[in-house]
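Here the structure is laid out as structure tokens; the discussion comes afterwards.
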Amino acid sequence: MAQVRAANATPGPTHIDKGGVHHVVPLPGDRRFASRSIDTSALTNIIDIDTDALTCTAEPGVTFEDLVRATLPLGLAPTVVPELRGITLGGAVAGCSVESMSFRYGGFHDSCLSYEVIGGDGEVHELSTTHRPELFHHLHGSYGTLAILTRLTFRLVPAKPFVAVEYRHHTDLAKFRADMSAHCDLDGNPDNDFVDGIIHAPDQLTLVVGRFTEAPGEGDLATYSGEQMFFREAARRSRDVMTAEEYFFRYDRDCHWMTATVPPLQFKPLRRAVGRWFLGSTNLIAWSNRVAPVSRRLLRRPEVVCDIFLPKSNFERFWEWYCRVFDFWPLWVVPYRPATLYPWIGPHVREGFAEGDLFIDFAVYGKRNTERHRDYSELLEAATFDLGGIKTLIGRNHYSRERFWQIYDRPAYEKAKVELDPTGLFPDLYDKLGNVS
């Protein structure tokens with residue numbers, strides 16, 4: 001509060017500094033974090049885990065790695081565990097995190113019950129699903145433009161020590177889609193705990209289905225924290241058993257498959273020798289930030305790294321476009337059932353989505369973008385808009401102001417802005433992220 005009030009004494013933009021690396025796409029010449037900062041790096045405490053109410057209260061700087069290490073011994077887990085160890089609770093709220101339990105529970109915000117925030121006015125605001133719910137829901141996806149999250153309470157679910165994984169391989173989209181729909185059916189497959197997909201080629205589609213289990217059974221436990229790369233093994237294997245923590249962070253070692261941009265980091269001898277310094281999402285993102293000024297000189301544009309969310313009904317239309325225009329693999333596919341349509345979603349997206357239906361998260365990580373006359377980041381953004389979808393704002397964005405506010409509900413956002421940040425201490429959502437390239 002003192003920092004916010006001091007910042008209000010002098011004009012100028014302000015951003016929130018949580019400490020550590022930001023889980024956004026590193027951009028050369030990035031100005032998103034160049035303004036003066038409010039330091040929240042000390043807010044890293046788990047305050048309470050209530051094993052009767054199945055809730056956790058914590059500060060926003062707690063990483064999901066620390067959280068699951070505290071909850072799993074109690075037989076509990078968050079409803080959504082983002083796939084990178086260093087992602088924080090606050091980042092999951094602000095940046096719309098989903099993962100392979102999202103077909104059942106929605107995004108991480110959908111598990112949250114209440115937020116304590118410091119507004120741009122320097123005052124404490126208590127928000128919840130029942131108290132000022134419109135403001136509560138606007139914290140989700142606000143990317144630090146409304147208030148500073150200082151405490152949150154969220155639901156936990158029963159968990160077991162291990163996860164049994166089945167890899168279901170398909171050679172065409174129709175069968176993959178039908179299989180995914182069947183395994184996301186909460187009535188037809190009530191025992192599924194995890195569903196996502198990884199597509200290595202148009203004729204190599206793998207649905208990954210997981211279930212919590214008490215015992216590992218016979219054979220060795222799989223691990224993807226060392227030399228083995230999950231995204232490759234998923235295409236080859238039929239089954240795995242991992243510890244629950246290994247499963248949650250199965251993509252972390254390679255930051256999905258970003259090591260493909262530096263192929264030697266996928267060689268086993270090098271992974272053994274230098275993995276502790278270079279592998280893992282925190283290391284890889286930190287190194288990406290360090291070399292961003294150099295890569296700007298060598299590359300026309302940074303790689304495309306983006307998650308987009310489309311109504312399930314537009315899966316085939318996107319697939320046809322993606323195979324024809326992008327043809328980049330792997331492609332990660334995550335079915336996502338939000339609890340409700342969030343109040344900040346604008347008319348363009350809202351019109352094509354039925355309440356209770358699935359979004360599909362398509363994650364494109366590492367597409368080279370160096371062609372002189374074609375910017376794949378712009379193409380993906382335009383296709384997402386044409387198909388009634390929405391994309392995360394963590395990377396390059398090219399929106400005009402008019403188009404941006406067709407996707408996001410400007411009157412609703414501005415109303416929340418007036419109530420939580422009446423002095424305009426934090427930047428407007430469009431000004432911060434709408435056209436950052």
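The values are calculated or read from the model by the stated rules, or taken from the named source; none is laboratory data. Treat the numbers as computed from the prediction; the structure is a model and nothing was measured. Every residue, glycine as well, gets a Cβ built from its backbone with ideal geometry; the counts of neighbours run over all protein chains shown.
Overview of values
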item: Selection status of G219, touching a residue at least 40 places away in the same chain (Cβ under 8 Å) and either surrounded by fewer than 20 Cβ atoms within 10 Å (Cβ to Cβ) or touching a helix residue (DSSP H, G or I) at 6+ places or on another chain (Cβ under 8 Å) (or both); result: no
item: Members of region 199-216 that are in a loop (DSSP other than H, G, I, E, B) and without any contact (Cβ under 8 Å) to a residue 60 or more places away in the chain; result: D203, E214, A215, P216
item: Selection count, region 80-109, where residues are in contact with a helix residue (DSSP H, G or I) (Cβ under 9 Å, 6 or more places away or on another chain), part of a loop (DSSP other than H, G, I, E, B) and within 17 Å of G141 (Cβ to Cβ); result: 8
item: Among (1) of a type in the set (G, A, S); (2) over 18 Å from C96 (Cα atoms); (3) buried (at least 17 other Cβ atoms within 10 Å of the Cβ), the one test that G395 misses; result: (2)
item: Residues of region 94-123 satisfying the condition of being among the charged types (D, E, K, R) and buried (at least 23 other Cβ atoms within 10 Å of the Cβ); result: E99
item: Residues of region 364-381 satisfying the condition of being surrounded by fewer than 20 Cβ atoms within 10 Å (Cβ to Cβ) and in a strand (DSSP E or B); result: G366, K367
item: Residues of region 107-132 that turn out to be more than 26 Å from H15 (Cβ to Cβ) and under 12 Å from the mean Cα position of the chain (by Cα), as a count; result: 0
item: Residues being more than 16 Å from the chain's Cα centre (by Cα), in contact (Cβ under 8 Å) with a residue 24 or more places away in the chain and either more than 24 Å from T243 (Cβ to Cβ) or surrounded by fewer than 17 Cβ atoms within 10 Å (Cβ to Cβ) (or both) - total across region 62-92; result: 4
item: Every residue from region 148-169 that is in contact with a helix residue (DSSP H, G or I) (Cβ under 8 Å, 6 or more places away or on another chain) and either closer than 27 Å to E218 by Cα or modelled with pLDDT under 95 (or both); result: V157, A159, K160, P161, F162, V163, V165, R168
item: Lone qualifier among L341, L393, L358 - being hydrophobic (A, V, I, L, M, F, W, C) and without any contact (Cβ under 8 Å) to a residue 60 or more places away in the chain; result: L341
item: Given (1) without any contact (Cβ under 8 Å) to a residue 40 or more places away in the chain; (2) over 27 Å from A53 (Cα atoms), index of the condition L173 fails; result: (1)
item: Condition met for I360 (more than 18 Å from the chain's Cα centre (by Cα), β-branched (V, I, T) and modelled with pLDDT of 95 or more); result: no
item: Filter pass, G141 being touching a Cys at 6+ places or on another chain (Cβ under 6 Å) and modelled with pLDDT under 95; result: yes
item: Region 121-144 residues that are within 19 Å of G91 (Cα to Cα), paired with ones that are hydroxyl-bearing (S, T, Y) and surrounded by fewer than 15 Cβ atoms within 10 Å (Cβ to Cβ) (beta carbon under 9 Å, 6 or more apart); result: F136/T129; F136/T130; H137/T129; H137/T340
item: Single match in V333, V349, V436 (criterion: more than 30 Å from N192 (Cα to Cα), hydrophobic (A, V, I, L, M, F, W, C) and out of contact with any Leu (no Cβ under 6 Å at 6 or more places or on another chain)); result: V436
item: Number of the exception - G226 against (1) over 29 Å from R104 (Cα atoms); (2) outside any loop (DSSP other than H, G, I, E, B); result: (2)
item: Those residues of region 193-216 which are surrounded by 14 or more Cβ atoms within 10 Å (Cβ to Cβ), of a type outside the set (V, I, T) and under 25 Å from R253 (Cα atoms), in sequence order; result: D193, F194, D196, G197, H200, Q204, L205, L207, G210, R211, F212, P216
item: Residue selected from region 159-195 under the condition assigned to a helix (DSSP H, G or I) and hydrophobic (A, V, I, L, M, F, W, C), by the criterion farthest from E320 (Cα to Cα); result: A182
item: Tabulated pairs, region 274-290, first within 16 Å of I87 (Cβ to Cβ), second part of a helix (DSSP H, G or I) and among the aliphatic types (A, V, I, L, M), C-beta under 9 angstrom, 6+ apart or interchain; result: S281/M258; L284/M258; L284/L265; I285/M258; S288/M258
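Here is a yes/no grid of residues against (1) of a type in the set (S, T, Y); (2) buried (at least 22 other Cβ atoms within 10 Å of the Cβ):
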position	(1), (2)
H125	no, no
A147	no, yes
T153	yes, no
P158	no, no
A164	no, no
D179	no, no
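Every residue, every condition in (1) part of a helix (DSSP H, G or I); (2) more than 24 Å from the chain's Cα centre (by Cα); (3) of a type outside the set (S, T, Y); (4) modelled with pLDDT of 85 or more, yes or no:
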| position | (1), (2), (3), (4) |
| --- | --- |
| A235 | no, no, yes, yes |
| V241 | no, yes, yes, yes |
| E245 | yes, no, yes, yes |
| I285 | yes, no, yes, no |
| N289 | yes, no, yes, no |
| P293 | yes, yes, yes, no |
| R296 | yes, yes, yes, no |
| N314 | yes, no, yes, yes |
